[in-house]
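As structure tokens, the structure follows; a few thoughts come after it.
The values are calculated or read from the model by the stated rules, or taken from the named source; none is laboratory data. On a predicted model such as this, the values are computed, not experimentally measured, just so you know. Here the Cβ positions follow ideal geometry from the backbone for every residue, glycine too, while neighbour counts run over all protein chains shown. Calculation scope for accessible area: heavy atoms of the full protein, side chains included, ligands and nucleic acids excluded. Shrake-Rupley method; radii C 1.70, N 1.55, O 1.52, S 1.80 Å.
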Amino acid sequence: MNIRSLFGGLKEKVVGQHVKIVFPEGNDERVVRAAARLKFEGLAEPIILGQADEIRGLLTKLGFADQDYMIINPETYPDFEKMKAEFVEIRKGKASMEDADKLLRDVNYFGVMLVKMGLAEGMVSGACHSTADTVRPALQIIKTKPGISRTSGVFLMNRENTNERYVFADCAINIDPSAQELAEIAINTAETAAIFDIEPKIAMLSFSTKGSGKAPQVEKVAEATKIAKELNPDLALDGELQFDAAFVPETAAIKAPDSKVAGQANTFIFPDLQSGNIGYKIAQRLGMFDAIGPILQGLNKPVNDLSRGSSAEDIYKLGIITAAQALGTLD
């Protein structure tokens with residue numbers, strides 16, 4: 001299934017559902033183009049943050065001015081005082097009204113509060129902000145699901161001219177997750193795979209296969225595998241596995257002959273951020289895979305991060321995924 005049929009399926013799920021998605025970066029032409037396209041195609045109802053005149057000027061320039069858009073300027077928002085009070089309550093003594101007044105003038109904090117208050121179902125940001133700028137307010141306001149200690153970031157790796165589709169995690173957030181955190185990431189990633197019609201077969205990656213190497217890093221992955229199996233015994237999950245043992249049937253037959261995952265894995269959990277980030281970029285650049293993400297998982301409501309090099313097409317795609325998450329397809 002190629003990327004067009006993948007997104008064709010997602011579009012069928014979200015079209016006409018009127019999912020409200022916040023786009024905080026209304027001063028960026030890429031963002032406005034993507035948001036307008038989502039509205040034009042009936043895939044989402046964008047809420048664009050920023051100066052109304054500037055945004056309408058961009059919409060006119062792009063040929064999308066004939067539709068009715070929800071545009072909000074945080075500086076003139078009529079319910080700003082109510083939002084401030086709710087933010088202070090959420091932060092429970094960690095922020096004063098003065099702090100709230102300052103923070104909520106930041107478009108990412110403001111956008112996340114719209115989601116928290118039920119005025120929107122999700123948010124997409126990061127075209128001109130760092131990952132931290134997007135994730136920090138999400139963690140402070142929306143927070144992670146019960147039983148999940150932290151969010152993580154996955155990439156869908158898809159090659160358009162083949163049927164190959166894989167999920168890589170965590171490639172965006174956690175620098176050196178503990179065994180417990182790695183197990184949580186694996187379970188969350190299995191849920192994420194469902195949105196892409198992937199029946200997850202999860203490989204907990206290492207430089208060792210089934211004890212062939214000895215090091216604390218190997219022990220962490222082995223322990224994470226044990227914890228994940230205890231948390232969800234029904235998952236097709238195994239580790240620790242080297243990538244070749246996880247992916248190549250002939251190698252799996254030699255290195256892990258008793259594994260039900262080795263040689264056929266499609267969902268890969270990297271032991272740390274360094275290896276995950278390197279791994280997905282090698283697949284993207286040398287393997288010619290389309291890397292879609294990072295898609296954030298583990299939050300109570302979907303907030304997704306963009307690369308600052310994202311195109312309008314990338315933002316459009318992540319908007320579709322966010323709408324699908326908000327409808328409960330993923331989370």
Mean Cα-pair separation over length for segment 211-331, i.e. relative contact order, pairs under 8 Å, 6 or more apart, %: 13 percent
Answer label for semi-axes √(5λ) of the Cα gyration tensor in Å (calculated), chosen among [x] 26, 24, 21; [y] 37, 23, 15; [z] 37, 30, 17: [y]
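Rounded to the nearest 500, what is the 222 nm mean residue ellipticity of the chain from helices alone, with -39500 (n - 2.57) per DSSP H run of 4+ residues and division by all residues? Numbers along the way, then the final one.
On the way: 13 runs with 142 residues, N = 331.
Calculated from helices alone, the mean residue ellipticity at 222 nm is -13000 deg cm²/dmol.
Beyond a 31 Å Cα-Cα separation, which of these cross-linked pairs lie in this structure: 116/317; 20/201; 116/201?
Numbers: 116/317 23 Å; 20/201 33 Å; 116/201 33 Å.
Violating the 31 Å limit, Cα to Cα: 20/201; 116/201.
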Spherically averaged projected area in nm², based on the convex hull that wraps the Cα atoms of segment 166-302: 8.0 nm²
Cα-based convex hull, segment 244-331, per residue volume (Å³, whole number): 134 Å³
Whichever aspartates and glutamates have a C-alpha closer than 20 Å to that of residue 13, once near sequence neighbours (fewer than 8 apart) are set aside: 41, 45, 121, 191, 197, 199, 313, 314, 331
HN-Hα J in Hz across segment 178-188 - Karplus 6.51, -1.76, 1.60, θ = phi - 60°, x for Gly and Pro: 6, 4, 4, 5, 5, 5, 4, 4, 4, 5, 4
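For segment 1-156, what is the relative contact order in percent, using Cα pairs closer than 8 Å and at least 6 residues apart in sequence?
Working: 189 pairs, mean separation 36.2, N = 156.
This gives 23 percent for segment 1-156.
For segment 177-241, what is the Kirkwood hydrodynamic radius in Å, using each pair of distinct C-alpha atoms? Write out the running numbers ahead of the final one.
Working: mean 1/r = 0.0848 Å⁻¹.
Value: 11.8 Å, from the Cα pair sum.
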The chain - percent of accessible surface contributed by carbon and sulfur, probe 1.4 Å: 51 percent
Alpha carbon Rg of segment 65-165, scaled by the compact-globule rule 2.2 N^0.38 Å: 1.32
Rounded to 10°, Cα long-axis angle of helix 29-40 versus longest principal axis of the chain: 90 degrees
Proximal lysines to residue 61, defined as alpha-carbon separation beneath 19 angstrom and excluding residues fewer than eight positions away on the same chain: 39
Trypsin sites (Lys or Arg not before Pro) lying in DSSP loop within segment 66-118, provided at most 14 other Cβ fall within 10 Å: 92, 94, 105
Whole-Å distance, taken between Cα centres, linking segment 1-57 and segment 161-183: 26 Å
Pair residue 52, residue 12: separation of 7 Å Cα→Cβ label points (nm): 4.0 nm
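What FRET efficiency, computed as 1/(1 + (r/R0)^6) with R0 = 41 Å and r the Cβ-Cβ distance, is obtained for residue 79 and residue 160, rounded to the nearest 0.05? Intermediate values should be presented prior to the final figure.
Details: r = 44 Å, r/R0 = 1.08.
In this case the efficiency is close to 0.40.
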Two-site FRET efficiency, residue 274 against residue 136, from Cβ-Cβ distance with R₀ of 25 Å, rounded to 0.05: 0.70
Principal axes of segment 1-89: Cα extent on each, largest first, Å: 48, 35, 19
Where labels lie 7 Å past Cα in the beta-carbon direction, separation of residue 99 and residue 308 in nm: 2.7 nm
The chain - accessible surface per residue (Å², probe 1.4 Å): 44 Å²
Using alpha-carbon coordinates, inclination of helix 216-231 to the longest axis of the chain, degrees: 70 degrees
Base-10 log of normalised Debye intensity for segment 123-176 (one unit scatterer per alpha-carbon) at q = 0.20 Å⁻¹: -0.87
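To two decimal places, what compactness ratio does segment 1-158 give when its Cα radius of gyration is scaled by 2.2 N^0.38 Å? Let's see the in-between values first.
On the way: Rg = 16.6 Å, N = 158, 2.2 N^0.38 = 15.1 Å.
Against the empirical 2.2 N^0.38 Å value, I get 1.10 for segment 1-158.
Could you tell me what % of all Cα pairs in segment 219-283 have separations over 19 Å?
On the way: 699 of 2080 pairs.
So the pairs more than 19 Å apart make up 34 percent of the total in segment 219-283.
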Gain in span if fully extended, residue 29 to residue 191, counting 0.36 nm per residue against the direct Cα distance: 55.0 nm
